[in-house]
1. Using R₀ = 22 Å, calculate the FRET efficiency as 1/(1 + (r/R₀)^6) where r is the Cβ-Cβ separation of residue 164 and residue 138; round to 0.05.
2. Just to be sure I understand the model, the point goes 7 Å from the Cα along the line to the Cβ. What's the resulting residue 12 to residue 48 distance in nm?
3. With just the Cα atoms defining each centre, how far is the range 173-249 from the range 73-119? Give it in Å.
4. Looking only at the chain, where both bridge partners belong to it, what percent of the DSSP beta bridges are antiparallel (to the nearest 5)?
5. Give me the distance in nm between label points sitting 7 Å out from Cα along the Cα-to-Cβ direction at residue 27 and residue 146, one decimal.
6. Could you tell me whether the range 3-128 comes out rounded, prolate or oblate from its Cα gyration tensor? Rule is a ≥ b ≥ c as square roots of the eigenvalues, rounded for a/c under 1.5, then prolate if a/b exceeds b/c, otherwise oblate.
7. Return the inverse of the average 1/r over all pairs of distinct C-alpha atoms in the range 136-246, which is the Kirkwood hydrodynamic radius, in Å to one decimal.
8. Note the full-extension length gain between residue 87 and residue 186 as 0.36 nm times their separation in residues minus their Cα-Cα distance, in nm to one decimal.
């Protein structure tokens with residue numbers, strides 16, 4: 001069963017904790033809390049680095065409030081569903097004008113939250129199609145007369161070499177007919193550009209270290225989970241990679 005990848009945004013620690021507890025008991029569909037944020041600015045940062053299905057969003061927060069954050073999400077392609085969770089019923093009309101999937105008032109009841117998740121699942125199916133979960137998207141690899149399915153979630157890095165891409169998983173390397181630019185544009189929350197010829201899966205990054213490739217003794221490279229070879233980082237991309245290291249999810 002696919003778990004809805006969820007971001008909880010609330011400036012109250014206890015409110016976030018209660019939602020976590022309620023979500024842990026939800027079934028069909030269930031939800032996986034992949035991140036939390038205590039304000040709108042933190043939430044925006046999470047939204048840049050996460051593949052999300054759902055944002056559970058408070059309204060009254062310091063700085064960027066929930067309404068403003070939801071409004072900004074409307075401009076994004078493949079935006080996650082928004083469910084407002086607030087102590088104030090007065091903003092319901094505004095929330096639905098912003099195409100929120102549901103509007104819950106505190107204290108949230110478990111059965112009401114479950115209903116909201118079911119609405120989210122239906123909304124995602126309508127918006128994204130049956131393969132709403134990006135983790136289940138596949139690359140169709142053509143290799144010597146056979147076609148192999150490779151889950152996008154298993155891809156650790158992509159390198160541009162000649163006219164093709166090397167697609168690296170923990171198990172092996174594949175040759176794929178495509179471009180880095182296409183992947184970078186379509187999956188900005190999944191991959192980060194580390195070199196003009198390479199994208200790396202954010203979740204796979206283990207460490208950034210000094211690396212001498214024989215040409216640049218002051219170079220840098222990434223160590224990734226599950227594979228031995230390093231991936232060289234260009235000086236131009238070094239700052240962006242360091243930002244990802246702070247929160248690679």
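Only the coordinates and a few stated rules stand behind these numbers; no lab work does. Every value quoted in this text rests on a predicted model; they were computed, and no experiment measured them. Note that we place each Cβ from the backbone using ideal geometry, even for glycine, and neighbour counts take in every protein chain shown.
1. Approximately 0.75, to the nearest 0.05.
2. It works out to 3.0 nm between the two label points.
3. 36 Å
4. About 60 percent, rounded to the nearest 5.
5. Distance between the two pseudo-spin positions: 3.9 nm.
6. Values: a/c = 1.21, a/b = 1.07, b/c = 1.13.
It comes out rounded by the Cα gyration axes.
7. Taking every pair of different Cα atoms in the range 136-246, averaging 1/r and inverting gives 14.4 Å.
8. 32.0 nm
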